[in-house]
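Notes for the one structure printed next.
The values are calculated or read from the model by the stated rules, or taken from the named source; none is laboratory data. Just so we're clear, the structure is a prediction, and the values are computed from it rather than from any experiment. Cβ coordinates were reconstructed from backbone atoms using ideal geometry, including for glycine residues, and neighbour counts include every protein chain displayed.
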2 protein chains.
Amino acid sequence: MSTGNHKKPSPQREVSRRTGRPTLADVAESSGVSPITASRALRGIATVDPHLVSKVREAAATLGYVVNPAARALASAHSQTIVALVPSLSNQLFIEVLEAIHEVLLPQGLEVLIGDYHYSPDEEEKLIRNYLAHRPRGLLLTGFERSEAAQALLAASRLPIVQMMELANAPGVFCVGFSQQAAGAAVARHLLDRGRKRIAYVAAQLDARVMQRGEGFRHALQHAGLHDPALEMMTPARSSVAVGGDMFSELITNNPDVDGIFFCNDDLAHGAIFEAARQGIRVPQRISMVGFNDLPISAHMTPRLTSIRTLRADIGQRAATQILSLIKHEKLENPCVDVGFELIVRESS
Amino acid sequence: MSTGNHKKPSPQREVSRRTGRPTLADVAESSGVSPITASRALRGIATVDPHLVSKVREAAATLGYVVNPAARALASAHSQTIVALVPSLSNQLFIEVLEAIHEVLLPQGLEVLIGDYHYSPDEEEKLIRNYLAHRPRGLLLTGFERSEAAQALLAASRLPIVQMMELANAPGVFCVGFSQQAAGAAVARHLLDRGRKRIAYVAAQLDARVMQRGEGFRHALQHAGLHDPALEMMTPARSSVAVGGDMFSELITNNPDVDGIFFCNDDLAHGAIFEAARQGIRVPQRISMVGFNDLPISAHMTPRLTSIRTLRADIGQRAATQILSLIKHEKLENPCVDVGFELIVRESS
DNA sequence: CCTCCTCAAGACAGCGCTATCTTAGGCAAG
DNA sequence: CTTGCCTAAGATAGCGCTGTCTTGAGGAGG
């Protein structure tokens, strides 16, 4: 029933024509103020009479008005979005980080754009390029390693960035994480404390953090004079329970005297524990095993797995809080938050 | 080196002023065509001279132009976004579905807005309300149950919707999944085939799908005259390995004669297997156990877990393909795709 | 009583695109 | 050679908001 609309808007608009959704103009009209005032009222800008604010809010609720994010982003030159990039969604670890991020940011009216770059710097760069077009308010990234082009894009964007999982103390860098080296070293000391002499490092999915763990572990063993490079087993293959079992078999076949193993993550350790049971190799009697991340299942298997508990939820929560502060141009008392880690000693060692 | 073209834009714009990013106008200028032609060229609209298209593409690449999604969405009244809602991100199951969805949609230039509603219909409704404001091209939802308000919002949006995980054959409904009832029944038949007589169903996180599985399972047992309601153990608690162990302990204490258990998912079964080992209860000799979903670890534990393999990647991939067809207004040969399931028999039964 | 100041509310313009209409050529038919 | 039709390219307008300037009313000060 629309008449030719031309210059003036249609005389009676129940609801805007293009999308069938109410617009700010509808809210303004039905609450008897101008659109700008309605906009300000809904955004909580202080200069609006509280009485008008409640009128506008009511009208919006009645109409079921929800701001059009595209229009808002276009007019204000930035969206209400935070980009969060992780190297993998298959790893429970990052899911927990993302959940914590959501918990902090969604109540603030921000949206989280999740990107999974499958451990590929090229994919990460592409995601950054595409997501920057959304004019996000800030980015939460995993680790510090990325392509030069990606770094250039990020620098040019001048957006707040918080990097997660690792630590660095360069000026102007914001991060939330823990020292992967220190965690690796803690595992080494634990195995040494247990009297182990032939201690191996088994790793897959060799990202920067896995390498850092190995580094800390190696240094601690070297310090004790018990480092044997032949006992470092690494594969770029994606980490999995199956790979853990296979790597364990190979290791123990070639080095029957191994009496302690640090797995770069729990998946591998799970596979090894299952395989050891199948081969009749007693854990921890013959071999102590330690995992990394302390996934939920680790506390329940037989033997229960010793692991480094990483505070994923903490990391997500604090990184999100940091980015919020940066958006509000608040001073951060600590640009680089160390959430630490915890060695959870269980039956497997 | 452009001169002021007519009203009064800045005399020389290297790059647009507001955001520091190149705009379509920049691309148009540097390739010597009008902005509309540039727009059409970049969108692959056929009416543009191929020669011009490549000129525009080159200019865009040189400038590092990426379309402003907000402006595009505002002008065209819809975004390049597909909303995907899942009840939980903590469950590996849904992660695999989402990854498959990404794999199909990202190459098409679509973005995926992920929402996790934590099994709460209220949260789901809120997500739908907020995400509809983005004017997505379509929605991928989990299951059929949702609040009336949510259903009304969806209906009013007139957007393509594909529902995942379950099946229904109502007209105008698009779905990709499998029969949860049939899967439950298959497990029951398997346990009956193994000669089990006292067969229990242990379930947590009682969503619609868990109940459907239980229903199929129960009917099959009733059919065999071996259904005992006392052997159904359900808790609304979130499913976990720990809960599985606890429920198993309680079940076996109260019903020492149980000789077969169907767990509504693998997590619970894992916990039960670990707990049984600890209690010296032999699986499958004394009790057969069957899980659901066939998570990766199930194939590796001791005993290896019999489970229903669900084709998560298939579901995601096909649901995404369906929504693509719907967007393009293509006829779907099959509005309701049954991807089936597979009983993987292993040591635990 | 008038001026100056403050501040809430509104007018105005424009963000960067695309839908739609219009125009300019090119070509076949008469 | 004209007419009409087609197609490719451009002109125009406007999506729904918000940044910024302007207005006007009320209060303080001389």
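So here's what we get for this one:
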| quantity | calculated |
| --- | --- |
| Residue count, the stretch A:311-348 (criterion: outside any loop (DSSP other than H, G, I, E, B) and under 21 Å from A:Arg213 (Cα atoms)) | 12 |
| Residue within the stretch A:304-315 that is of a type in the set (D, E, K, R), in contact with a Lys or Arg (Cβ under 7 Å, 6 or more places away or on another chain) and either buried (at least 19 other Cβ atoms within 10 Å of the Cβ) or over 21 Å from A:Ala84 (Cβ atoms) (or both) present | yes |
| Strands (runs of 3 or more DSSP E) enclosed by the stretch B:161-247 - at least 3 residues per element that are crowded, with 20+ Cβ neighbours inside 10 Å | B:161-165, B:175-177, B:199-204 |
| Residue match in the stretch A:163-179 (condition: in contact with a strand residue (DSSP E or B) (Cβ under 8 Å, 6 or more places away or on another chain) and within 13 Å of another protein chain (Cβ to nearest Cβ)) | no |
| All positions within the stretch B:61-82 that are touching a residue at least 12 places away in the same chain (Cβ under 8 Å), under 17 Å from B:Arg40 (Cα atoms) and among the small types (Gly, Ala, Ser) | B:Ala73, B:Ala77, B:Ser79 |
| Scan of the stretch A:35-50 for residues that are under 20 Å from A:Val66 (Cα atoms), more than 9 Å from DNA strand D (Cβ to nearest atom) and surrounded by 11 or more Cβ atoms within 10 Å (Cβ to Cβ), ordered by number | A:Thr37, A:Ala41, A:Val48 |
| One residue from B:Ile281, B:Ile308, B:Ile297 being in a helix (DSSP H, G or I) and among the aliphatic types (A, V, I, L, M) | B:Ile297 |
| The stretch A:117-149, residues that are assigned to a loop (DSSP other than H, G, I, E, B) and either free of Cβ contacts under 8 Å to residues at least 40 places away in the same chain or more than 9 Å from chain B (Cβ to nearest Cβ) (or both) | A:Tyr117, A:His118, A:Tyr119, A:Ser120, A:Ala133, A:Pro136, A:Arg137, A:Gly143, A:Phe144, A:Glu145, A:Arg146, A:Ser147 |
| The stretch B:88-110 residues that are closer than 14 Å to A:Gly115 by Cα, paired with ones that are outside any loop (DSSP other than H, G, I, E, B) and of a type in the set (Ser, Thr, Tyr) (beta carbon under 8 Å, 6 or more apart) | B:Leu110/B:Thr81 |
| Residue, farthest from A:Ile297 (Cα to Cα), within the stretch B:99-122, restricted to residues that are aliphatic (A, V, I, L, M) and out of contact with any Asp or Glu (no Cβ under 9 Å at 6 or more places or on another chain) | B:Leu110 |
| Of all residues in the stretch A:77-116 being out of contact with any Ser or Thr (no Cβ under 8 Å at 6 or more places or on another chain) and in a strand (DSSP E or B), the one that is farthest from the other protein chains (Cβ to nearest Cβ) | A:Ile82 |
| Among residues of the stretch B:69-93, those that are within 16 Å of DNA strand D (Cβ to nearest atom) and in contact with a helix residue (DSSP H, G or I) (Cβ under 7 Å, 6 or more places away or on another chain), counted | 6 |
| Of all residues in the stretch B:30-72 being within 12 Å of another protein chain (Cβ to nearest Cβ), aliphatic (A, V, I, L, M) and near DNA strand C (Cβ under 8 Å from one of its atoms), the one that is nearest to the chain's Cα centre (by Cα) | B:Ala70 |
| Hey, B:Val15 modelled with pLDDT under 75, within 14 Å of chain A (Cβ to nearest Cβ) and within 13 Å of DNA strand C (Cβ to nearest atom) or not | yes |
| Criterion (within 14 Å of chain A (Cβ to nearest Cβ) and over 31 Å from the mean Cα position of the chain (by Cα)) met by exactly one of B:Val258, B:Val283, B:Val241 | B:Val283 |
| Looking only at the stretch A:128-162, and only at residues there that are polar (S, T, N, Q) and within 13 Å of A:Gly115 (Cα to Cα), the one that is nearest to the chain's Cα centre (by Cα) | A:Thr142 |
| Single unsatisfied condition, A:Asp257 versus (1) part of a loop (DSSP other than H, G, I, E, B); (2) at pLDDT 95 or above; (3) under 30 Å from A:Ile82 (Cβ atoms) | (3) |
